[in-house]
Every structure is written in C-alpha cells, then in structure tokens.
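Peer 1: Questions regarding the structure given below will be posed in turn.
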Amino acid sequence: MKMLIGLTGRSGSGKTTAAKILTDLGAFVADCDIIAHKVLREDAVKEKLCKNFGSTIFNSDGSVDRKALGGIVFSDSEKLAVLNGIVHGAITKKAIDMCIASGKDICFIDGSELEASGVDEKCAHIVVISADEEVRLNRITERDKISKDSALLRIRAQKDYSKKAIIIKNNGSYDELKLALTKVYQQLLEETDV
C-alpha cells in the first residue's frame with residue numbers, strides 16, 4: 001500500500017455509493033461499518049456493551065441489536081462516546097490490516113468517525129462526501145425506512161469532519177458523483193507515482 005486515504009461523510013451523504021465507485025475504479029476500500037459488525041460479535045466487546053448499555057441491546061440469539069443500540073447512542077452524545085471508546089480501536093486495526101493485505105496502491109478506510117477514532121492521522125488525505133441536510137434526510141428515510149425525526153437524530157449525532165479535506169458535494173446524480181470521484185482518484189494515482 002502506497003497511500004492510505006480516509007473516506008467519510010455524514011449519514012445519507014452517499015459515502016457508500018462513493019465507496020463502490022472507488023472500488024470499481026480499482027481502489028481497495030475497507031468498510032468500517034462491515035468491520036464493526038464483526039467487532040460487535042466478539043465476546044469481549046459484547047460484555048463491555050452489556051455493562052454500559054444493558055441487556056436490552058441484544059437480540060434473542062445474543063447478537064447486538066444495532067437498531068436498539070443506535071436508539072440509545074444517537075440521542076446521547078456521552079453514550080455515543082462510550083460506544084466509540086469500546087469499538088474504535090478494534091475497527092481501526094482491522095481496517096488497516098485489511099488495507100495492507102489488499103496489495104493495492106491506494107486504499108480507503110470508509111468510516112463516519114475517522115476524526116474521532118484518530119484514523120485520519122494515519123491517512124495521507126481525507127475525502128469527505130457531503131450533501132445538503134434535506135437531501136440526506138430524504139435518502140435516510142427512504143433507505144432505512146425510519147421516520148424523519150429518527151433520521152434527524154442520526155444526522156445531528158454525527159459531526160462534520162473539521163480538518164483539511166477533499167470535499168465532494170453529492171446533491172446531484174450518480175454520474176456527477178462518479179465523475180468527481182474519478183478526477184480525485186486520478187489525482188491520487190498521480191501522487192503515488194511521484
């Protein structure tokens with residue numbers, strides 16, 4: 001791996017679509033949400049979650065009910081910080097290990113909490129996918145089949161990335177997003193050849 005790039009954006013921004021486009025362009029993308037699913041199955045993590053959030057966040061089969069957990073943490077910033085403290089380190093390590101093992105020159109770590117987890121400090125660049133709040137609200141309610149109030153809680157629980165970054169505005173079409181990402185990816189490829 002020649003270059004590690006962070007890929008972030010608030011819920012509903014189109015970050016997942018951007019990750020697929022980057023994969024199609026030839027990059028490796030480590031999806032922190034998928035990695036988090038695996039981390040949440042680890043016994044040590046589940047014990048810490050139970051201690052901090054109670055047994056109501058578990059399904060009958062013992063797996064973490066992400067919707068129940070989200071209902072708790074997205075409405076309370078202190079509880080969100082507790083959750084992040086439990087899972088960020090394990091997610092970060094797995095994501096970087098996956099990037100190294102991929103053998104790709106450019107690897108992206110796709111995550112909404114890159115700054116909070118400290119992953120951004122390990123990255124050469126951060127690409128932020130951004131969209132207006134109303135656009136994100138509509139995307140979230142359609143995608144997740146949740147109320148506007150629930151979607152707003154989710155949106156407002158996430159912070160914007162506050163450091164220097166490559167910003168890609170995604171209020172338009174898939175093709176517009178693909179064109180913008182292709183340009184950025186080509187620039188990153190040129191940078192790795194220097």
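Peer 1: Take each of the peptides 114-125, 143-154, 53-64, average the number of other beta-carbon atoms within 10 Å over its residues, and list them starting from the highest. All intermediate terms of the calculation are to be shown ahead of the outcome.
Peer 2: Numbers: 114-125: 18.0, 143-154: 14.4, 53-64: 12.7.
Ranked from most to least packed, the peptides come out as 114-125, 143-154, 53-64.
Peer 1: Which of the cysteines found in the chain have nothing to pair with, since no other Cys Cβ lies under 4.7 Å from theirs?
Peer 2: When partners are defined as cysteine Cβ atoms under 4.7 Å apart, the chain leaves C32, C50, C123 without one.
Peer 1: Please compute the length gained on full extension between T192 and D132, using 0.36 nm multiplied by the number of residues separating them and subtracting their Cα-Cα distance.
Peer 2: Details: separation 60, 0.36 × 60 = 21.60 nm, distance 3.20 nm.
Net length gain for the segment: 18.4 nm.
Peer 1: Arrange the peptides 38-51, 1-14 so that the one whose residues have, on average, the most other Cβ atoms within 10 Å appears first. Let's see the in-between values first.
Peer 2: Values: 38-51: 14.4, 1-14: 22.4.
Put in order of decreasing packing, that is 1-14, 38-51.
Peer 1: Mind sorting out which of [x] 11.1; [y] 10.4; [z] 12.2 is the real mean projected area of the Cα convex hull in nm² computed from the coordinates?
Peer 2: [x]
Peer 1: Once fully extended, how much extra length lies between K79 and K163, figured as 0.36 nm per residue of separation less the alpha-carbon to alpha-carbon distance?
Peer 2: Numbers: separation 84, 0.36 × 84 = 30.24 nm, distance 2.40 nm.
In short, 27.8 nm is gained.
Peer 1: Is it possible to state the helix-based mean residue ellipticity at 222 nm for the chain, with each DSSP H run of 4+ residues giving -39500 (n - 2.57), the sum divided by total residues, to the nearest 500 deg cm²/dmol? What is it? Before the final figure, lay out the partial values.
Peer 2: On the way: 9 runs with 109 residues, N = 194.
Value at 222 nm, helices only, nearest 500: -17500 deg cm²/dmol.
Peer 1: Using the Cα centre of segment 48-93 as the reference point, and only Cβ charges (+1 on K/R, -1 on D/E), how large is the resulting charge dipole? Debye, rounded to the nearest 20. Can you show the working numbers first?
Peer 2: Working: 6 positive and 4 negative charges, 29 e Å.
Dipole size: approximately 140 debye.
Peer 1: Taking R0 as 25 Å, what's the FRET efficiency between K38 and K183 from their Cβ-Cβ distance, rounded to 0.05? All intermediate terms of the calculation are to be shown ahead of the outcome.
Peer 2: Numbers: r = 33 Å, r/R0 = 1.32.
According to the calculation, E is roughly 0.15.
Peer 1: With charges only on Cβ, +1 for K and R and -1 for D and E, what is the dipole size of segment 103-194 about its Cα centre, in debye, rounded to 20?
Peer 2: Values: 15 positive and 18 negative charges, 62 e Å.
Dipole size: approximately 300 debye.
Peer 1: Choose one of V82, G12, L181: the residue whose Cα lies farthest towards the positive end of the charge dipole of the chain (beta-carbon charges +1 Lys, Arg; -1 Asp, Glu; about the Cα centre).
Peer 2: V82
Peer 1: Here is a follow-up. Using the Cα centre of the chain as origin and beta-carbon charges of +1 (Lys, Arg) and -1 (Asp, Glu), tell me which of I140, V128, F53 is placed farthest towards the positive end of the dipole.
Peer 2: Highest projection toward the positive end goes to F53.
Peer 1: Turning to a different aspect of this structure: Taking the Cα atoms only, what angle lies between the long axis of helix 43-53 and the longest principal axis of the chain, rounded to 10 degrees?
Peer 2: 60 degrees
Peer 1: Now, a different point. Could you tell me which of the pairs K38/K79; K104/K148; K2/K178 are separated by over 29 angstrom between their Cα atoms in the structure shown?
Peer 2: Working: K38/K79 21 Å; K104/K148 40 Å; K2/K178 23 Å.
In this structure, K104/K148 lie more than 29 Å apart at Cα.
Peer 1: Now for a different question. Which FRET efficiency, nearest 0.05, do D105 and R143 yield, Cβ-Cβ r, R0 30 Å?
Peer 2: Numbers: r = 32 Å, r/R0 = 1.06.
FRET efficiency, D105 to R143: 0.40.
Peer 1: For K104, which sequence-distant residues (separation of 5 or more, or a different chain) have an amide H within less than 5 Å of its own amide H, given hydrogens modelled in the peptide plane?
Peer 2: Amide H neighbours of K104, under 5 Å, 5+ apart: none.
Peer 1: Another question, if that's okay. Can you give the charge dipole size of segment 1-132 about its Cα centre, rounded to the nearest 20 debye, using +1 on the beta carbon of Lys and Arg and -1 on the beta carbon of Asp and Glu? Write out the running numbers ahead of the final one.
Peer 2: On the way: 16 positive and 18 negative charges, 38 e Å.
It comes to approximately 180 debye.
Since every read-out is calculated from the coordinates, none of them should be taken as a lab result. Owing to the predicted nature of the structure, the values given are computational and were not obtained by experimental measurement. Note that each Cβ is placed from the backbone with ideal geometry, even for glycine, and that neighbours are counted across all protein chains shown.
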